[in-house]
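In what follows, a single structure is set out as structure tokens and then discussed.
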Amino acid sequence: MIEQDFIPKSLKNTLDKGSFTWSTPSNIALVKYWGKKEHQIPENPSISFTLDACRTTTTLSFSRKDFNEHFSFEVFLDGKQKDDFKLKIETFFKHIDIYLPFLKNYHFKIETSNTFPHSSGIASSASGMSALALCLMSVERSSNEAEMTDEYFNQKASFLARLGSGSASRSIEGDLIVWGKHDKITGSSDLYGIKYPLEVHQNFKNYHDTILLVDKGEKQVSSTVGHKLMHGHPFAQERFTQAHHNLSRLIDVFKVGDLKTFIEIIESEALTLHAMMMTSLPYFVLMKPNTLEIINKIWSFRKEAGLHVCFTLDAGANVHVLYPESEAEKVFEFIQNELVAYCQNGHYICDRIGFGAKQL
Ligand code: DP6
């Protein structure tokens, strides 16, 4: 598929009004996307576990208006008008207008809510943009139903979501999603996420992710700014090569169920992401003292208990604690006894690998 394949040839029977609701999950990257080219093309491929509990639900209501050059929409978060989201959505609409030519024919009401607290430090852009992209695809499908396969629907939803936020391209389906072209993964693309097509051992089914909320404050540096700092970064090329290599290594890890190597790759990816932040200009640090306390506790527990618990980080101070289903009971006990004390107000979220978006 190329960009042109996502421009509809014609739209028939467009509805006068209606509404669609989608619930979409967040995701956690194992090999990280950090650095992009123009038009939201990633510098390297990434792979993520789709989550289950951390979700956004969005209802998009639409009613026909006379066509003019302006987008017309209003946004509500938890029932309250949210004008500060408008700029991001206006920019998103501008980027996807060519692929959804009906956008200027409607007034839209976007009503959204998250299952995780707004101020948890968990990025809502992946689940939020993917939910909106799916609602818009439902509008397109309602006028084009006969011709649209589910495969095209999901691919275009991921393609549109990517134009809103890169990681959102990985929040349409589950349970393991690859976004970005990789030589050894057939069908992988810089334009949209695909379900990981190769063999995955039972060890990686039902994986747990307990998210420790270390710092719920606003980030000092947004991901969008962080991505830009990879331009001219002294270690950028090495990093992009490393991501390709780590994804190649994961192919074998997933096949044979090698938890030890999985841990090595996943923790190295998380620390490399933060090393890129610390070595960019301007440099910045998103980890907090408690992030490091938790990492050290995980390392000692892993050594003592001989279990396969590890961590990953996104662009913030919170820690995602990852562990297999077979060790869930013991690891969760450890989390409660030793790690929750480092969370802000003792807050954490129990999540696990999930299977993607649902239409409600
Ligand atoms: C560290 O997808 O939030 O979570 O494309 O600018 O919206 P934009 O960035 P975003 O970046 C995510 C960065 C990350 C790693 C990852 O999810 O792969």
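The values are calculated or read from the model by the stated rules, or taken from the named source; none is laboratory data. These figures come from a predicted structure and were not determined experimentally. Cβ placement follows ideal geometry from the backbone for every residue including glycine, while neighbour counts extend to all protein chains displayed. All accessible areas refer to the heavy atoms of the entire protein, side chains included, with ligands and DNA or RNA removed. Shrake-Rupley method; radii C 1.70, N 1.55, O 1.52, S 1.80 Å.
Quick notes
- Taking all Cα pairs closer than 8 Å and separated by 6 or more residues, the relative contact order of segment 27-169 comes to 27 percent.
- For segment 243-248, backbone phi angles converted through the Karplus equation (6.51, -1.76, 1.60; θ = phi - 60°) give residue-by-residue couplings of 4, 4, 5, 4, 5, 4 Hz, Gly and Pro being listed as x.
- Coordinate range of the alpha-carbon atoms in the chain per principal axis, descending: 67, 43, 42 Å.
- For segment 108-165, the Kirkwood hydrodynamic radius comes to 12.5 Å, computed from all pairs of different C-alpha atoms.
- Rounded to the nearest 500, the helix-only mean residue ellipticity at 222 nm of the chain stands at -10500 deg cm²/dmol, with each DSSP H run of n ≥ 4 adding -39,500 (n - 2.57).
- Accessible surface of Arg64 - all protein chains present, 1.4 Å probe, nearest 10 Å²: 100
- For q = 0.13, 0.15, 0.29 Å⁻¹, Debye-computed log10 I/I(0) when each Cα of segment 154-202 counts as one equal scatterer: -0.26, -0.34, -1.06
- Simple spin-label estimate for Val200 and Glu238 in nanometres, 7 Å along Cα-Cβ: 3.2
- The listed residues Leu229, Leu339, once ranked by accessible area (1.4 Å probe) with the largest placed first, stand as Leu229, Leu339.
- In terms of distances greater than 25 angstrom between alpha carbons, the cross-link table entries Lys109/Lys195; Lys36/Lys303; Lys205/Lys330; Lys219/Lys260; Lys88/Lys216 yield Lys109/Lys195; Lys36/Lys303; Lys219/Lys260.
- With both labels modelled 7 Å from their Cα along Cα-to-Cβ, the Thr14 to His107 distance reads 1.6 nm.
- Surrounding net charge for Phe71, when Lys and Arg each add one and Asp and Glu each subtract one, Cβ distance under 15 Å: +1
- Net charge over other residues, Cβ less than 11 angstrom from the Cβ of Asp190 (K, R count +1; D, E count -1): +2
- In this structure the amide hydrogen of Leu229, modeled in the peptide plane, comes within under 5 Å of no amide hydrogen from residues 5 or more places off or on another chain.
- Note on surface exposure: Glu325, Glu43 rank Glu325, Glu43 by accessible area, highest first, 1.4 Å probe.
- Considering only alpha-carbon pairs that sit under 8 angstrom and 6 or more positions apart, the relative contact order computed for the chain is 24 percent.
- Once you reduce segment 108-176 and segment 4-68 to the center of their Cα atoms, the two points are 3 Å from each other.
- Residue-span extension gain [Ile98 to Ala305] - 0.36 nm each, minus C-alpha spacing: 69.0 nm
- Around the amide H of Leu30, modelled in the peptide plane, lie the amide H atoms of Ile47, Ser48, Phe49, all under 5 Å away and 5 or more residues distant in sequence or on another chain.
- The angle separating the long axis of helix 86-96 from the principal Cα axis of greatest extent in the chain is about 70 degrees.
- Largest-first ordering by accessible area, 1.4 Å probe, given options Lys88, Lys288: Lys88, Lys288
- Intensity falloff of segment 314-360 expressed as log10 I(q)/I(0), Debye formula with alpha-carbon point scatterers, at q = 0.28, 0.29 Å⁻¹: -1.17, -1.20
- Using a Gaussian network model of the chain in which every pair of alpha carbons under 10 angstrom is joined by a spring, one finds that among Ala243, Ala123, Ala305 the greatest mean-square fluctuation is at Ala305.
- Here the accessible area is traced with a 1.4 Å probe on the protein chains. For the chain, carbon and sulfur cover 51 percent of it.
- Acute angle (nearest 10 degrees) that the helix 125-142 long axis makes with the longest principal axis of the chain, alpha-carbon atoms: 30
- Dipole orientation for the chain: of the candidates Asn345, Ile110, Ser138, Ile110 has the Cα lying most toward the positive pole (charges on Cβ; Lys, Arg +1; Asp, Glu -1).
- Taking the convex hull of the alpha carbon positions in segment 192-244 and averaging its projected area over all directions gives 6.8 nm².
- Computed on segment 269-360, the Cα convex hull volume stands at 148 Å³ per residue.
- The Cα-based radius of gyration and maximum Cα-Cα distance (Dmax) for segment 153-275 are 15.6, 41 Å.
- For segment 29-156, the convex hull spanned by the alpha carbon atoms encloses 140 Å³ per residue.
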